[in-house]
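The values are calculated or read from the model by the stated rules, or taken from the named source; none is laboratory data. Remember, predicted model here, so these are calculated numbers, not experimental data. Neighbour counts are summed over all protein chains in view; Cβ atoms, including those assigned to glycine, are modelled from backbone coordinates with ideal geometry.
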Amino acid sequence: MLLNGKDLESIIQELLIYFPIFLISITLHEFCHALAADRLGDRTARLAGRLTVNPLAHLDLLGTLMLLVAPFGWAKPVPIDPRNLKGRFSMLLVSGAGPLANLLLAVVGILILKHSPAFQALPADKLGMLVLMNMQLLEAIPLAVPLLVLVLINTVLMIFNLLPIPPLDGFGILSDLLPEKWRHAYYQLLPYGVILLVLFMVVPFARHAFNAAIVTTIQALVAIVP
């Protein structure tokens with residue numbers, strides 16, 4: 001956590017690294033949602049000015065301020081009208097486009113790290129641990145820290161957004177995969193999305209499972225990416 005007993009200089013250093021990477025990551029995440037929706041017949045995002053890689057179009061004030069207390073935040077959701085989308089699994093494609101963008105950014109970061117002279121001899125588990133340590137390595141390997149942060153932020157964004165809780169992307173993905181007879185019952189969760197998210201974040205078991213998923217995913221990506 002950025003404000004967890006750290007001095008002002010450390011906080012500024014971390015923000016100078018986290019904020020630009022977070023900005024790039026959420027911008028591409030939301031842009032890919034908008035692009036997928038536009039290609040599948042819904043112009044709502046285009047008309048709202050969200051079919052752009054300009055970060056100012058996607059920033060959410062509260063989600064950005066969250067970076068002061070945690071290396072995490074969010075952007076404004078891209079407006080989508082499912083009635084305009086074409087194709088049986090169009091909502092799945094639109095919802096999955098954002099997490100896919102984060103996956104690709106994480107893979108790019110790992111690819112560069114694995115082919116850097118300083119990391120070529122490291123086994124997957126060691127490099128995965130360095131991703132999780134990131135800011136602790138600022139003095140030892142400063143040039144690698146932005147890449148480590150890139151992998152961590154995008155892995156967290158991908159996994160978090162894949163949770164099947166409204167209004168996250170996982171809800172749209174799962175709702176499109178469910179048989180129609182179950183879909184209506186699933187939609188009943190919509191008014192309770194924020195409550196479910198808060199519960200998820202405060203329940204210890206859920207937090208531990210989420211952290212374990214992040215570690216496992218990073219280790220798996222490091223092992224898989226050539």
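State yes or no: is Asp125 surrounded by 22 or more Cβ atoms within 10 Å (Cβ to Cβ) and of a type in the set (D, E, K, R)? In short, no.
Every residue, every condition in (1) surrounded by fewer than 16 Cβ atoms within 10 Å (Cβ to Cβ); (2) part of a helix (DSSP H, G or I); (3) hydroxyl-bearing (Ser, Thr, Tyr), yes or no:
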position: Val149; (1), (2), (3): no, yes, no
position: Leu152; (1), (2), (3): no, yes, no
position: Val156; (1), (2), (3): no, yes, no
position: Pro164; (1), (2), (3): no, no, no
position: Phe171; (1), (2), (3): no, yes, no
position: Leu174; (1), (2), (3): no, yes, no
position: Lys181; (1), (2), (3): yes, yes, no
position: Val198; (1), (2), (3): yes, yes, no
position: Ile214; (1), (2), (3): no, yes, no
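The single condition among (1) under 20 Å from Leu150 (Cβ atoms); (2) part of a helix (DSSP H, G or I); (3) in contact with a Ser or Thr (Cβ under 9 Å, 6 or more places away or on another chain); (4) modelled with pLDDT of 95 or more that Leu92 does not meet is (1).
Please verify whether Phe31 is out of contact with any Cys (no Cβ under 9 Å at 6 or more places or on another chain), at pLDDT 95 or above and either buried (at least 21 other Cβ atoms within 10 Å of the Cβ) or not in a helix (DSSP H, G or I) (or both), treating the condition exactly as stated. Yes, satisfied. The lone criterion from (1) under 20 Å from Leu177 (Cβ atoms); (2) assigned to a loop (DSSP other than H, G, I, E, B); (3) at pLDDT 95 or above left unmet by Thr52 is number (1). Restricting attention to region 130-143, the residues that are more than 15 Å from Glu14 (Cβ to Cβ), part of a loop (DSSP other than H, G, I, E, B) and touching a helix residue (DSSP H, G or I) at 6+ places or on another chain (Cβ under 9 Å) add up to 1.
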